[in-house]
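The values are calculated or read from the model by the stated rules, or taken from the named source; none is laboratory data. Only a predicted model underlies this, so the values are computations on that prediction, with no experimental measurement involved. Here Cβ is always computed from backbone atoms with ideal geometry, including for glycine, and neighbour counts include all displayed protein chains. Just the protein is used for accessible areas: all its heavy atoms, side chains included, with ligands, DNA and RNA removed. Shrake-Rupley method; radii C 1.70, N 1.55, O 1.52, S 1.80 Å.
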Amino acid sequence: MTQMKTATASNLINPNTEDLIRRLADEAGGAPIAQGLFERLSFRLALPLSMFISVVSAFAVVTFVIGPRPELIDMALTWTFQFKVLAMLLLAGGAGLLVRNAAIPGLSTAPVRALLPATLFLLVGLAFDPSGFPLTGARTMSIPNCVLAIVLASLPALLLLLAAIRRGAPTRPVGAGALAGLLAGSLGGLAYTIACINDGAAFVAIWYTLAVAIVAAIGAVIGNRLLSW
Amino acid sequence: MNTREQSWAEAMCAERRGERPVYEIFLREFAVSLRRIVAARLSRLHLSAAETEDVVQEVLIAVHSKRDQWDPSRPLMPWLNAITRYKMIDAARRLRRDIKLRIELTDDEWSDLSGSSGTDPVHNAADLERMISVLPAGQQSVVRAIGLDGATPREAASRLGMSEGAVRVAFHRSLKTLMAAAHKRFEG
């Protein structure tokens, strides 16, 4: 008997909460149709739009800050160049899917399956690199140059993507930030392929991946602050 | 379970058509189930169950402020669960930080919080300012906008460049802090 009483008591609405519920219910339909529709549309549009501008901004940074390699047109037909491009495209594709899911509550952001193609591709490149190019790159400063350039090319994209995710409802701010960094980093890597003179598959697999990981870490740190609501 | 998904999803759609009663029933039912989940989680995390109602209200405000983003072609329950989980983690982190902060207050800060001045605190504007000044900067501006200038949460949100949900939560938290401080002063 007493037990039943406590059970009912715990289900009683707290007057404070009851008050809140009434005030929230007063706003039913209160996201005015025009404004609500616009906001919903703009949230749906914000993500693909920011992804598109991210690609443009990454290429713009590489083109104007570093400049494309002179023999780019001849190189474009070699498998080493295409390896870089394809690896970054696979990574960006998987990350893009995860970024979209991160902005919508209840969708999976488990990275394993989405990133599997890119991971396998990079691992194969690392293990069976037939180019014979050194792991440390073509010049003494190749590693810091490449890593820094990719991070730099990724930063505008990262900020754009974070701003777009913020319009949604990210329920894991750190993870969503990291995924935004992953996407921005792979777009930065993609853009950097037009400037990078290091063509070894193993070089790309290690140092491009490191640069992308750095951008993902930056994204996680910023996301923790910027994406909470 | 399935019927709840259906009836709550219908209520969310009804809200968009401005059907207040249906939405209110949904909020109430959701609050009841939230209260159970949140209380269980808090006790498992060894946090005070007294905070349950706060967390429940925060989840309600969060769901309300993002309600237009739910896509009716997707199931509602996972959407609600993800938001609940997020606000729960957020609250747990804040509660732990509050506990730490309370322990780390210096003697001066303690006497600031509980010290009594001769005048009646509620009717003294300077004193009111002083009480507000113990709040974090963000909460101070929210309290000034809503409490002193009489703005609505939406007006305050656009004025301060915050989301409406954030304003509601900040205002709610500051009121709690201020009430606790005022309580101490009357007793002390």
**Residue among B:A9, B:A82, B:A14 that alone is surrounded by 15 or more Cβ atoms within 10 Å (Cβ to Cβ), over 14 Å from the mean Cα position of the chain (by Cα), more than 10 Å from every other protein chain (Cβ to nearest Cβ) and under 25 Å from A:G168 (Cβ atoms)** = B:A9
**Asked** So which pairs qualify, if the first residue must be in the stretch B:133-157 and in contact (Cβ under 8 Å) with a residue 40 or more places away in the chain, the second must be in a helix (DSSP H, G or I), the Cβ gap must be under 8 Å, and the two must be at least 6 apart or on different chains?
**Response** B:V134/B:D112; B:V134/B:L113; B:V134/B:T177; B:V134/B:A181; B:L135/B:V143; B:L135/B:S174; B:L135/B:T177; B:L135/B:L178
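Would you point out which residue out of B:R173, B:R97 is at pLDDT 80 or above, surrounded by fewer than 11 Cβ atoms within 10 Å (Cβ to Cβ) and not aromatic (F, W, Y)?
After applying the criteria, what remains is B:R97.
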**Message:** Would you confirm whether or not the stretch A:173-195 contains a residue that is more than 19 Å from the chain's Cα centre (by Cα), surrounded by 18 or more Cβ atoms within 10 Å (Cβ to Cβ), over 18 Å from A:P111 (Cβ atoms) and in contact (Cβ under 8 Å) with a residue 60 or more places away in the chain?
**Reply:** yes
**Prompt:** Considering the stretch A:89-104 alone, what residues qualify as being in contact with a Phe, Trp or Tyr (Cβ under 9 Å, 6 or more places away or on another chain) and at pLDDT below 95?
**Reply:** A:A103, A:I104
**Request:** Sort through A:I194, A:I104, A:I165 and tell me the only one that's within 21 Å of A:R225 (Cα to Cα) and in a loop (DSSP other than H, G, I, E, B).
**Result:** A:I104
**Item:** Selection status of A:I222, in contact (Cβ under 8 Å) with a residue 60 or more places away in the chain and under 20 Å from A:A46 (Cα atoms)
**Value:** yes
**Message:** What's the number of the only condition in (1) open to solvent by 20 Å² or more (accessible area, probe 1.4 Å); (2) modelled with pLDDT of 90 or more; (3) more than 8 Å from chain A (Cβ to nearest Cβ) that B:E104 fails to meet?
**Reply:** (2)
**Item:** Number of the exception - B:H46 against (1) more than 20 Å from the chain's Cα centre (by Cα); (2) assigned to a helix (DSSP H, G or I); (3) of a type outside the set (G, A, S); (4) over 24 Å from A:N101 (Cα atoms)
**Value:** (2)
**Request:** Can you confirm whether the stretch B:70-78 contains a residue that is at pLDDT 90 or above, within 23 Å of B:P153 (Cβ to Cβ), in a helix (DSSP H, G or I) and at the interface with chain A (Cβ under 10 Å from one of its Cβ atoms)?
**Result:** no
**Message:** Which condition from (1) buried (at least 23 other Cβ atoms within 10 Å of the Cβ); (2) over 14 Å from the mean Cα position of the chain (by Cα) is the one that A:A149 breaks?
**Reply:** (1)
**Request:** Name the single residue, out of those in the stretch B:31-51 being farther than 26 Å from B:A180 by Cβ and at the interface with chain A (Cβ under 9 Å from one of its Cβ atoms), that is surrounded by the fewest Cβ atoms within 10 Å (Cβ to Cβ).
**Result:** B:R36
